[in-house]
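The values are calculated or read from the model by the stated rules, or taken from the named source; none is laboratory data. Bear in mind that the values here come from a model prediction, so they are computed numbers and not experimental data. Positions of Cβ are generated from backbone atoms using ideal geometry, with glycine treated the same way; all protein chains shown enter the neighbour counts.
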Amino acid sequence: MDSISPCSETSRLDSNGEALGQKMSSYLVPTLKEMPAEAEIISHKLMIRSGMIRKLAAGIYSYLPLGLRSLRKVERIIRSEMNRFGAREILLPAVQPAELWKESGRWDKFGPELLRIKDRHKRDYVVGPTHEEVITDLIRREIRSFRDLPLNLFQIQTKFRDEIRPRFGLMRCREFIMKDAYSFDIDESGADVSYQAMYEAYRHIFIRCGLKFAAVEAYSGPIGGSYSHEFMVLAESGEDAIAFCPACSYAANLEKASTPDYPVTPGESGPLEKIYTPDCRHVPQLAAFLKIKEQDIIKSMLYLADRTEPVLVLIPGHREINLVKLKESLDGREPVLASPEEAEKIMGVPMGFVTPVGAKVKIIADCGIKRLGSGVAGTGEKDYHYLRTQVDRDFKAEAYFDLALTAEGDLCPKCSSPLTIKRGIEVGHVFKLGTKYSVSLGADFMGPDGTESPIVMGCYGIGLGRTLAAAAEQNHDEDGLIWPLALAPFQVALLPLQVQNPEVSRVTGALFDRLTGKGVEVLLDDRDERPGLKFKDADLLGLPFRVTVSEKSTSKGQVELKLRATREMSMLPVETAAEEITKLIQADGS
Ligand code: ATP
Ligand code: MG
């Protein structure tokens with residue numbers, strides 16, 4: 001459009017050096033009409049369709065200009081809140097020497113998610129999936145005394161995790177950008193203060209990002225540590241399940257939730273009896289055939305700890321096994337369910353008929369089995385089951401653990417109200433690490449009395465791309481994205497409908513200049529395209545405010561304003577339109 005000089009477009013920058021206005025014709029916004037076939041969840045589909053991201057390889061994505069602008073907004077919110085809550089920014093290397101990982105013990109423990117590389121001298125390195133080792137190495141060299149503590153350092157940087165199933169676009173990538181922070185304190189109470197500050201910072205960050213989220217108690221995972229919370233964005237497509245108590249504040253990742261006292265009615269006592277149960281391999285079939293409740297069946301599942309030691313795991317038939325808890329009860333060894341062939345080889349019978357009675361392998365059981373006391377179990381013979389299989393009479397478990405996955409309706413461990421289960425996306429994680437890394441890597445400080453003690457650490461991560469994708473997952477409709485103002489790549493979509501019309505062109509140019517002059521971010525759709533296509537693309541991109549300039553509106557001295565979220569429309573006088581839009585943006589406050 002002639003009336004907008006290229007100079008005015010590129011010369012107006014915000015305080016971050018970002019261009020305030022952009023013409024779509026000279027910007028890479030490759031929108032797609034069709035839903036991309038490979039995308040499974042809506043955020044992934046819409047971020048591809050709106051030309052924000054493109055896939056390079058499995059779990060490896062490029063950010064195109066619009067995607068990058070939104071990513072930068074997430075980044076700036078995170079940076080400012082981290083600074084506000086006392087963390088200081090650094091930048092650590094992405095490539096890390098293997099020696100540090102050997103020192104911490106994670107070279108062997110981390111498994112295939114760790115991308116290991118060799119340099120030209122055949123020395124081992126890793127592409128950092130996280131930075132506890134590197135930062136602890138820095139701290140052990142630089143920190144000497146209690147006077148240097150507390151300290152909290154953060155970075156915003158690319159990580160690599162060779163995820164087994166990269167999927168859902170930016171949600172679960174192999175290469176992704178993370179904000180990771182690490183706190184260093186002289187004692188537990190200091191570490192608590194640092195943890196609390198980060199917890200607060202995270203609340204601020206996700207509120208500012210316009211997300212509906214919950215902080216939930218979490219399992220600490222392979223990073224280790226003693227205590228942690230996950231920040232979950234609530235969304236149906238979330239990979240995590242969360243146990244919520246509607247009555248009190250309790251919320252926990254299902255992996256971590258503990259409701260070992262779930263109701264079990266004791267089974268009937270009496271002699272063991274073998275009965276014919278044709279074609280009853282699974283609990284529901286068997287319960288239906290015997291006309292009993294699923295809870296009356298002792299489910300026996302054969303696992304191989306770290307793929308080697310067979311362990312028979314028992315649980316009442318109406319409950320599922322929590323694999324995280326099972327792993328803990330196997331001293332951290334990975335529980336791998338035996339295949340039908342493996343089960344047959346080890347137990348001499350297909351999985352559905354495996355029995356604890358006379359089993360030659362180690363048996364562990366969920367606490368519910370103790371309360372059940374007796375139930376229907378396999379016989380070790382195809383198509384036969386035992387009635388009244390009694391704990392300690394017919395089989396002995398080596399140990400009882402809390403192994404059952406918490407279910408809807410289980411009672412809250414805090415207030416005993418029934419729990420509900422919701423789905424969520426983990427966008428952030430705060431851990432109290434204690435002295436795990438300071439001890440293994442030798443990061444000590446000298447106290448006032450001259451004694452050396454290990455530094456007490458915490459670590460705090462947020463996935464930037466995942467946060468952005470989670471926002472898309474929560475904010476969209478059938479026409480496209482609906483960005484919260486704080487994360488929108490631009491605040492305003494400016495749509496001249498007849499770009500050849502001099503009056504439309506003049507009004508558009510003036511509005512563009514006035515808006516950007518007031519610091520408003522404007523994406524100008526200057527393409528010579530049909531109005532229908534421009535409207536469709538504007539809905540797809542989801543910028544909060546759409547301003548349409550047409551022959552019809554300008555003939556009345558007006559432009560049309562449409563709010564993307566509510567679809568509310570109004571006509572504004574050309575002269576005051578920029579002021580009114582600016583006011584609306586400021587009123588949003590994010
Ligand atoms: P998950 O259970 O989803 O694999 P995690 O527990 O491995 O996550 P952390 O090590 O706590 O994740 O990493 C901190 C943050 O980094 C996460 O809260 C998440 O936002 C982000 N993140 C982790 N893995 C990925 C990934 N594969 N792709 C994108 N973001 C990720
Ligand atoms: Mg992970």
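Summary table below
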{"item": "Residue check, Thr259 surrounded by fewer than 15 Cβ atoms within 10 Å (Cβ to Cβ), in contact (Cβ under 8 Å) with a residue 24 or more places away in the chain and either within 16 Å of ligand 2 (Cβ to nearest atom) or among the β-branched types (Val, Ile, Thr) (or both)", "result": "no"}
{"item": "Residues satisfying the stated conditions in segment 402-449, i.e. assigned to a loop (DSSP other than H, G, I, E, B) and among the basic types (Lys, Arg)", "result": "Lys414"}
{"item": "Selection status of Leu71, more than 16 Å from ligand 1 (Cβ to nearest atom) and of a type in the set (A, V, I, L, M)", "result": "no"}
{"item": "Pick from segment 143-167, criterion assigned to a loop (DSSP other than H, G, I, E, B) and away from ligand 2 (no atom under 13 Å from the Cβ), ranking: nearest to Ala191 (Cα to Cα)", "result": "Pro150"}
{"item": "Test set (1) out of contact with any strand residue (DSSP E or B) (no Cβ under 8 Å at 6 or more places or on another chain); (2) in a helix (DSSP H, G or I); (3) more than 17 Å from Trp483 (Cα to Cα) - Val74 fails condition number", "result": "(3)"}
{"item": "Test: residue in segment 334-352 that is under 34 Å from the mean Cα position of the chain (by Cα), under 24 Å from Lys396 (Cβ atoms) and among the basic types (Lys, Arg)", "result": "no"}
{"item": "Gly442 being over 22 Å from Tyr27 (Cα atoms) and away from ligand 2 (no atom under 16 Å from the Cβ)", "result": "yes"}
{"item": "Set Leu115, Leu100: member being within 16 Å of ligand 2 (Cβ to nearest atom), in contact (Cβ under 8 Å) with a residue 40 or more places away in the chain and outside the structural domain of Arg161 (by TED's automatic domain parsing)", "result": "Leu115"}
{"item": "Residue in segment 76-92 that is within 22 Å of Gly458 (Cα to Cα), free of Cβ contacts under 8 Å to residues at least 40 places away in the same chain and surrounded by fewer than 19 Cβ atoms within 10 Å (Cβ to Cβ) present", "result": "yes"}
{"item": "Residue check for Ala488: away from ligand 2 (no atom under 16 Å from the Cβ), buried (at least 22 other Cβ atoms within 10 Å of the Cβ) and part of a loop (DSSP other than H, G, I, E, B)", "result": "yes"}
{"item": "Residues being at pLDDT 90 or above and assigned to a helix (DSSP H, G or I) - total across segment 329-340", "result": "1"}
{"item": "All strands (runs of 3 or more DSSP E) inside segment 492-590 with 2 or more residues being more than 36 Å from the chain's Cα centre (by Cα)", "result": "545-549, 558-563, 569-573"}
{"item": "Residue ID - nearest to Tyr125 (Cα to Cα), chosen from residues in segment 49-62 that are surrounded by fewer than 20 Cβ atoms within 10 Å (Cβ to Cβ) and of a type outside the set (S, T, N, Q)", "result": "Ile60"}
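Residues checked against (1) closer than 18 Å to His429 by Cα; (2) more than 11 Å from ligand 1 (Cβ to nearest atom); (3) over 18 Å from the mean Cα position of the chain (by Cα); (4) outside the structural domain of Met232 (by TED's automatic domain parsing):
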site	(1), (2), (3), (4)
Asp162	no, no, no, no
Phe168	no, no, no, no
Met171	yes, no, no, no
Asp180	yes, no, no, no
His204	yes, yes, no, no
Ile207	yes, yes, no, no
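Every residue, every condition in (1) at pLDDT below 95; (2) surrounded by 19 or more Cβ atoms within 10 Å (Cβ to Cβ); (3) small (Gly, Ala, Ser), yes or no:
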| position | (1), (2), (3) |
| --- | --- |
| Trp107 | no, no, no |
| Leu114 | no, yes, no |
| Arg120 | no, no, no |
| Asp137 | no, yes, no |
| Ser145 | no, no, yes |
| Phe154 | no, yes, no |
| Arg174 | no, yes, no |
| Ala181 | no, yes, yes |
| Val193 | no, no, no |
